[in-house]
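Down below is the structure, laid out as structure tokens.
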Amino acid sequence: MSGRDPLVLAQLGCGYWGPNLLRNLSGLPGCEVRYVADPSAARRAFVRENFPRSTPVESPEVVFEDPEVAGVIVATPAGSHFALARRALETGRHVLVEKPLATSVAEVDELARHADRRGLVLMAGHTFVYNPAVRYVKRLIDAGELGDVRYVYSQRLNLGRIRSDIDALWNFAPHDLSIIQYWLGDLEPSVVSRQGMDYIQSGVDDVVFLTLVYPGKVIANIHVSWLDPQKVRKMTVVGSRKMVVYDDVADDKITIYDKGIDRKAVLGEHMDFDHLARADFSYRSGDILLPRVDFVEPLRLEAEHFVDCIRHGKEPVTGLAHARSVVAILEQASAGGPHS
């Protein structure tokens with residue numbers, strides 16, 4: 001596809017997150033969001049009033065019957081992602097699916113086969129990977145500024161918004177898992193352990209603690225809840241040299257701490273650390289750095305990346321390998337489903 005050709009897109013779903021996607025997609029140069037499909041008459045009226053260049057339709061079949069639609073964005077409830085993405089791929093469309101890409105690894109692998117067979121772009125909407133602050137931390141890790149990553153922990157908490165179709169793990173944790181997998185190069189954890197509890201709706205966990213163990217003695221803990229008194233969106237990476245905190249709700253998104261504890265070699269003992277009882281320790285407490293990170297809306301960058309991958313045949317940053325790693329952890333933590 002030539003970069004001069006208009007790119008015709010269609011969006012499926014315009015509920016809670018859909019308007020944000022539609023706003024960014026509609027603002028992309030050289031793109032036309034021709035259709036927005038939603039079964040709700042109220043949501044179609046919303047589209048008609050706020051996005052007059054897009055045609056609201058009730059059924060996605062209108063989208064699949066138009067041969068000029070090159071790309072489809074799936075922004076429907078998670079349980080429908082697989083079927084709609086498969087239908088879009090079967091009819092030859094590039095696809096961007098809001099997180100999660102699907103609800104099982106088997107579904108992800110089937111979508112991968114359809115995309116590979118037809119040479120189509122299949123991308124997951126893990127928006128935080130396109131956040132400039134998250135990418136700043138990734139550069140710190142890759143450059144060795146933090147030393148060896150020892151552990152990561154995150155909190156994604158709020159009072160609401162409670163859902164019934166998926167639990168707090170599947171609603172919130174894909175964000176944190178996606179970020180951690182991105183930072184760690186999509187490593188596969190050797191251990192996945194989950195503890196959650198349902199308080200409001202039977203069988204739908206309101207709070208979940210997820211622990212992951214990775215090769216190289218790296219551990220991660222994710223705490224998600226929609227029953228918390230505070231809105232918290234914070235992640236901490238502890239390295240052997242430095243530590244960094246990414247706080248998405250703070251004015252200063254990134255804080256780097258030049259802190260740590262080092263073991264000292266004991267003179268006369270071959271400068272080694274064999275005898276733990278004789279070990280001495282050095283406590284480092286250096287500077288605290290608040291780097292400037294220029295903000296660009298992550299969803300805008302995600303939308304631009306999707307279009308760029310279509311036009312130039314690129315593999316998305318949040319493509320199949322990344323999306324599969326996230327779904328694999330969620331599936332393992334849930335014993336096979338988003339309601340577990």
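Describe numerically, in nm with one decimal, the distance between label points set 7 Å from Cα along Cα→Cβ at residue 116 and at residue 83.
Once both label points are built, they end up 2.6 nm from each other.
Taking 0.36 nm per residue of separation and subtracting the Cα-Cα distance, what length does fully extending residue 213 through residue 264 add?
Value of the extension gain: 15.6 nm.
Beyond a 28 Å Cα-Cα separation, which of these cross-linked pairs lie in this structure: 217/314; 99/314; 99/242?
Too far apart for the 28 Å limit: 217/314; 99/242.
Test of understanding: extend the Cα→C-beta vector of residue 195 to 7 Å, then name every residue of the range 202-230 with backbone N under 16 Å from that spot.
Of the residues in the range 202-230, 206-213, 220-225 have backbone N under 16 Å from the label point off residue 195.
Kindly write out, for the range 130-139 in residue order, the coupling ³J(HN,Hα) from the Karplus curve 6.51 cos²θ - 1.76 cosθ + 1.60 (θ = phi - 60°), rounded to whole Hz, with x marking Gly and Pro.
Result, rounded to whole Hz: 9, 6, x, 5, 5, 5, 5, 4, 4, 5.
Alpha carbon centre of the range 89-142 versus the range 180-215: separation in Å?
The range 89-142 and the range 180-215 have Cα centres spaced 20 Å from each other.
Given the options 117, 194, 233, state which has the largest fluctuation in a GNM of the chain using a 10 Å cut-off (strictly under) for Cα springs.
Ranking 117, 194, 233 by mean-square fluctuation puts 117 first.
Please identify the chymotrypsin sites (Phe, Trp or Tyr not before Pro) of the range 13-76 that satisfy two criteria: DSSP loop assignment and at most 12 other Cβ atoms within 10 Å. Which are they?
In loop regions of the range 13-76 (DSSP not H, G, I, E or B), the sparsely surrounded chymotrypsin sites (Phe, Trp or Tyr not before Pro) are 16.
By how many degrees, 0 to 90 and rounded to 10, does the Cα axis of helix 41-50 deviate from the longest principal axis of the chain?
Compared with the principal axis, the helix lies near 90 degrees.
I'd like the carbon and sulfur percentage of the solvent accessible area for the range 85-227, probe radius 1.4 Å, heavy atoms only, ligands and nucleic acids excluded.
Looking at the range 85-227 in its full context, I get 50 percent from C and S.
How do 312-321, 150-159 rank on mean C-beta neighbours within 10 Å, highest first?
Ranking, from highest mean packing down: 150-159, 312-321.
If you plug each phi of the range 104-117 into the Karplus form 6.51 cos²θ - 1.76 cosθ + 1.60 with θ = phi - 60°, what whole-Hz ³J(HN,Hα) values come out, in order, with x for Gly and Pro?
3J(HN,Hα) across the range 104-117, in whole Hz: 7, 5, 4, 5, 4, 5, 5, 4, 4, 5, 5, 5, 5, 4.
Rg and Dmax of the range 1-153, Cα atoms, in Å?
That works out to 17.4, 54 Å for Rg and Dmax.
If I model a spin label at residue 138 and residue 165 as a point 7 Å from the Cα along the Cα→Cβ vector, what separation in nanometres do I get?
2.8
Go ahead and set up a Gaussian network model of the chain, Cα springs under 10 Å, then flag whichever of 145, 107, 49 fluctuates most.
49
What ranking do 67-73, 173-179 get when scored by the average of other Cβ atoms within 10 Å per residue, highest first?
Ranking, from highest mean packing down: 173-179, 67-73.
Where does helix 320-334 land angle-wise versus the long Cα axis of the chain, in degrees 0 to 90, nearest 10?
The angle comes out at about 70 degrees.
Using Cα-only point scatterers and the Debye equation, what is log10 of I(q)/I(0) for the range 283-326 at each q in 0.25, 0.26, 0.29 Å⁻¹, rounded to two decimals?
Relative scattering, expressed as log10 I(q)/I(0), comes to -0.93, -0.97, -1.04.
Would you kindly compute the Cα radius of gyration of the chain and its largest Cα-Cα separation (Dmax), both in Å?
Using the Cα atoms of the chain, the pair Rg, Dmax is 22.2, 80 Å.
Within a Cβ distance under 13 Å of residue 46, other residues only, what is the Lys/Arg minus Asp/Glu net charge?
Computed value for this residue: +2.
What are the extents of the Cα atoms of the range 1-59 along their three principal axes, listed from largest to smallest and rounded to whole Å?
36, 20, 17
Can you give the log10 of the normalised intensity I(q)/I(0) at q = 0.16, 0.20 Å⁻¹, computed with Debye over equal Cα scatterers of the range 138-187?
Those come out to -0.58, -0.76, one per q.
The values are calculated or read from the model by the stated rules, or taken from the named source; none is laboratory data. Everything quoted here is computed from the prediction, not taken from an experiment. Backbone-built Cβ (ideal geometry, glycine too); neighbour counts: all protein chains shown. Accessible surface is based on the protein model in full, side chains and every heavy atom, while ligands, DNA and RNA are left aside. Shrake-Rupley method; radii C 1.70, N 1.55, O 1.52, S 1.80 Å.
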